[in-house]
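Read through the structure below, which is laid out as structure tokens, and then see the notes.
The values are calculated or read from the model by the stated rules, or taken from the named source; none is laboratory data. Worth saying up front: this structure is predicted, and the values here are computed from it rather than measured. Every residue, glycine as well, gets a Cβ built from its backbone with ideal geometry; the counts of neighbours run over all protein chains shown. With ligands, DNA and RNA removed, areas are computed over all heavy atoms of the protein, side chains included. Shrake-Rupley method; radii C 1.70, N 1.55, O 1.52, S 1.80 Å.
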Amino acid sequence: MSPEHKHIVKSFDQDLQRLQVLFMELNALVILQLEKASMAVIEHDKHMAKKIYEDDDKVDAIEFEITQFSLRLLAQRQPLGEDLRRIVSAFKIATNLERIGDYAENMAKRILKSENHRKLHESNPFRQSFLTLTKVVMNRLEEVMKAYVENDAETAQKLWKKDEEINEFYWQSFQEILNFMIAHPQDIPFYTDLLFILKNLERAGDRISNIAESIVFIKLGSLKVKKEN
Amino acid sequence: MRVKEDPFIICAKDVSVFIGKSQLIQNVHLSFLKNKVTALIGASGSGKSTFLRCLNRLNDDVDDFKLEGEILFHEKNIYDNQTDLVSLRTKIGMVFQKPTAFPKSIYENVAYGLRLHNLTKSGKECDEIVENALMRASLWEEVKDRLDDEAYRLSGGQLQRLAIARSIAIEPEVILMDEPCSALDPIATARIEELIDDLKQKFTIILVTHSMQQAARVSERTAFFNKGILIEEGASNEFFTNPQNELTQRYITGRG
Ligand SMILES: Nc1ncnc2c1ncn2[C@@H]1O[C@H](COP(=O)(O)OP(=O)(O)O)[C@@H](O)[C@H]1O
Ligand SMILES: [Mg+2]
């Protein structure tokens with residue numbers, strides 16, 4: 001819908017803006033959690049890991065606020081058409097963001113619990129792969145939520161398909177680490193942890209893809225352009 | 001050999017309506033499925049009532065009324081010269097926005113339709129028809145012990161169901177309803193909606209409503225009018241989540 005067509009009831013537009021602000025808050029927090037998790041992994045920083053673990057409550061709180069707010073909008077505005085799709089999708093998008101927050105938390109927990117973890121030194125061949133994957137995930141998340149705020153289905157469509165890249169990158173790293181483990185059996189516990197951590201990033205990629213799908217649905221009312229296999 | 005039944009009971013073909021110099025309806029093509037509820041929505045003044053009233057020629061008495069195009073009922077143009085209006089309105093009944101009752105008893109209000117359409121039956125037969133109509137209109141339980149009471153004492157919701165009973169007593173095929181719930185509270189509205197759900201087993205219902213939520217709740221098909229033009233018609237379950245036309249989208253999301 002063209003942006004010049006505002007709701008006759010102005011407060012409905014204000015409500016929808018508020019929803020976007022809540023999403024930006026949630027997204028900023030989740031990206032921060034991912035960034036901290038990546039630092040904690042590289043530096044083996046248990047203090048940071050603990051902070052991530054604690055801050056997950058904040059992520060949950062904003063998700064809950066979005067859920068409550070969307071429920072109120074459904075009851076109060078009885079939305080139809082694109083508004084209905086937007087508000088119902090808010091529940092899904094919020095859940096997906098909250099889950100990405102959980103993955104950051106999982107990474108932190110692994111560092112807190114594991115006795116095998118240690119720093120990923122500059123010299124470690126997988127330090128770079130790990131950093132690259134983290135960066136890609138964080139950038140994608142940033143982009144997808146920008147597309148959400150701008151109601152940009154075209155970008156969302158592209159990001160939706162790009163999920164394959166994260167998957168491929170993950171499987172490639174997985175293979176490399178596996179081969180490394182075979183050659184260095186004494187390091188198996190440490191690298192098992194690292195595989196687990198990478199898996200969380202790969203899952204975050206799936207969630208981003210879900211969000212992209214929701215954006216396409218909000219805008220087009222269908223999932224018109226099917227994801228290519 | 002099995003005869004393939006036409007799924008449409010009424011087909012408006014290229015219908016334009018004029019009153020004097022102003023054109024109220026423009027080239028509308030719209031067909032109505034048998035035993036389904038079709039909702040007509042649109043802003044006030046968009047021509048919903050005008051169009052609805054064309055379907056049983058209720059506009060005929062309006063000064064300078066002119067209709068172009070055809071309205072086929074069972075494939076026969078109702079605007080043909082040969083059409084018998086009384087018989088047409090027996091088959092296509094109408095329930096109005098304001099629940100109306102004649103200053104008579106509850107019983108007489110239902111039986112009135114029969115008499116009006118020259119369908120008068122013997123006393124016992126008439127009793128049965130009245131009881132049946134009141135039952136089908138979900139009013140029987142509330143009025144069976146006071147059929148001789150004056151009808152005007154009924155509540156708004158009851159009066160509307162009485163009007164529906166009056167219209168179904170004469171066994172129409174199609175019931176036209178023009179904003180039948182706009183004067184009713186939510187509970188009375190829910191009763192009418194439940195009734196509409198029931199009635200479509202037997203009748204085809206064409207419902208003008210200003211409530212999009214009501215259209216979404218009770219209808220299988222929805223048609224959106226804007227300034228006398230039919231903008232979009234489709235299955236209601238997609239119409240309200242994913243309309244195709246920009247004007248429809250704006251209307252159902254409340255945008256100016
Ligand atoms: N008898 C009439 N003479 C002239 N204009 C009329 C007459 N009846 C209705 N109209 C006009 O036709 C338009 C459509 O009216 P109507 O069918 O009642 O709309 P709706 O039911 O969608 O609110 C309105 O602009 C109304 O003013
Ligand atoms: Mg009207």
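Here are the numbers for the structure shown:
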read-out	value
Gyration tensor (alpha-carbon) shape descriptor, the protein assembly as shown, a/c threshold 1.5	prolate
Radius ratio Rg over Rh of the stretch B:8-252, counting only Cα atoms, Kirkwood formula for Rh	0.97
Centre separation in Å (Cα based) which lies between the stretch A:18-93 and the stretch B:35-110	54
Accessible surface ranking that places the most exposed of B:Glu141, A:Glu54 first, with a 1.4 angstrom probe	B:Glu141, A:Glu54
Pairwise label distance in nanometres, B:Glu150 with A:Lys199, each label 7 Å out on the Cα-Cβ vector	8.0
Karplus-derived 3J(HN,Hα), 6.51/-1.76/1.60, for each residue of the stretch B:52-57, Hz, glycine and proline x	4, 5, 5, 6, 10, 6
Largest-first ordering by accessible area, 1.4 Å probe, given options A:Lys146, A:Lys109, B:Lys13	A:Lys146, B:Lys13, A:Lys109
Sequence-distant residues sharing a close amide H with B:Val95 (under 5 Å, placed H)	B:Leu176, B:Met177, B:Asp178
Environment charge at A:Phe12 (Cβ cut-off 10 Å; Lys +1, Arg +1, Asp -1, Glu -1)	+1
Nonlocal amide H pairs with A:His44, under 5 Å, H built at 1.01 Å	A:Leu120
Cα centroid separation - the stretch B:3-24 against the stretch B:174-246, whole Å	18
Around A:Thr134: net Lys/Arg minus Asp/Glu count, Cβ-Cβ under 12 Å	+2
Cα-projected label distance for A:Glu150 with B:Lys66, points at 7 Å along beta-carbon direction, nm	5.4
Of the DSSP H helices in chain A, those whose Cα atoms cover at least 15 Å axially and whose Kyte score averages 0.0 or more	A:10-43, A:127-149, A:188-220
Nearest-10 value in Å² for the accessible area of B:Tyr112, using the 1.4 Å probe	70
Residue-count net charge about B:Asp149 - beta-carbon cut-off 12 Å; Lys, Arg +1, Asp, Glu -1	-1
Where N is the number of residues in the stretch A:10-228, Cα Rg divided by 2.2 N^0.38 Å	1.11
Whole-Hz couplings from phi, Karplus 6.51/-1.76/1.60, listed for the stretch B:218-234; x for Gly and Pro	9, 9, 8, 10, 9, 10, 10, 9, 9, 6, x, 10, 7, 8, 7, 9, x
Neighbour cut-off at most 10 other Cβ (10 Å), DSSP loop, GluC sites (Glu not before Pro), the stretch B:1-83	B:Glu5, B:Glu75
By accessible area with a 1.4 Å probe, ligands and nucleic acids excluded, highest first: order of B:Val86, A:Val136	B:Val86, A:Val136
Chain A - mean residue ellipticity at 222 nm from DSSP helices (-39,500 (n - 2.57) per run, n ≥ 4, rounded to 500)	-29500 deg cm²/dmol
Cα shape, the stretch B:84-212, gyration tensor, a/c 1.5 rule	oblate
Value of [θ]222 nm, deg cm²/dmol, for chain B, DSSP H segments ≥ 4, -39500 (n - 2.57) each, nearest 500	-10000 deg cm²/dmol
Spin-label model distance (nm) - A:Leu71 vs A:Asp57, 7 Å beyond Cα toward Cβ	2.1
Anchor B:Lys66: aspartates and glutamates whose Cα lies under 15 Å away (excluding residues fewer than 8 positions away in-chain)	B:Asp14, B:Asp80
Farthest toward positive dipole pole in chain A [+1 Lys/Arg, -1 Asp/Glu at C-beta], among A:Gln172, A:Leu29, A:Ser114	A:Leu29
Cα gyration tensor shape for the stretch B:1-126, rounded if a/c is under 1.5, else prolate or oblate	oblate
